[in-house]
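In what follows, a structure is listed as structure tokens, so that the remarks can point back to it.
FYI, it's all coordinate maths here, none of it is from the lab. Quick caveat: nothing in here was measured; it's all calculated off a predicted structure. Neighbour counts are summed over all protein chains in view; Cβ atoms, including those assigned to glycine, are modelled from backbone coordinates with ideal geometry.
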Amino acid sequence: MFESILVVCVGNICRSPFGERYLQQLLPNKHVSSAGLGVKTSRLESKPADATAVKVADSYHVDLSKHEARQVTPEICKEVDLILVMEKKHISKLCEIAPEARGKAMLFSHWIGGKDIPDPYKKSEEFFNLSFSMIERSSQEWAKKI
């Protein structure tokens, strides 16, 4: 069904790298990648994961080393079967970049109530833990469905 999954947030340095790596651990036979909607405008292309994200991800036994932020493109969207976004507004932004992606974009938190997963960038470790715990629970539910 879904062989390739793209996880999307804004900067591709906090939520989506964690979602990518955690989901990949749960679904080792699937191809999971990540990208960001605002990587180019934020000048984050090829940047590593946020330092706090790396630290908090480590507590979940998720390695964010060697991650490099990349911008969502129409080409990337064409290559995947499912696109998981962190916030409702990300779907419309994604469709501005790649209109054909609308039919395969869903909220990452779809199976845990469909709430936005808050952006922890430049916030406390506790805030990162809040976001990452939502991603963890969402990933576990997606793994059951896929």
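Peptides 62-72, 93-103, 6-16 ranked from most to least packed give 6-16, 62-72, 93-103, packing being the mean of other C-beta atoms within 10 angstrom over each peptide's residues. Between CYS95 and PHE127, the modelled label-to-label distance comes to 2.9 nm, taking each label 7 Å out from Cα in the direction of the beta carbon. Modelled this way, with points 7 Å down the Cα-to-C-beta line, the labels at HIS61 and ARG137 are 2.1 nm from one another.
I'd like to know how the range 1-71 sits against the 2.2 N^0.38 Å rule of thumb: what's its Cα Rg over that expected value?
1.05
Please work out the Cα center distance from the range 87-113 to the range 1-80, rounded to the nearest Å. When both Cα centres are located, 15 Å separates them. Evaluating 6.51 cos²θ - 1.76 cosθ + 1.60 at θ = phi - 60° for every residue in the range 18-26, the Karplus couplings come out as 5, x, 4, 5, 5, 4, 5, 4, 6 Hz, glycine and proline recorded as x.
What fraction of the Cα pairs in the chain, stated in percent, has a spacing above 25 angstrom? Beyond 25 Å sits 17 percent of the P(r) for the chain. Across every direction, the projection of the convex hull enclosing the Cα atoms of the range 60-146 has a mean area of 6.5 nm². From its DSSP helices (H runs of at least four residues, each -39,500 (n - 2.57)), the chain gives a residue-normalised ellipticity at 222 nm of -12000 deg cm²/dmol. In terms of packing, defined here as the mean over residues of other Cβ atoms within 10 angstrom, the peptides 26-36, 132-142, 117-127 line up highest first as 132-142, 26-36, 117-127.
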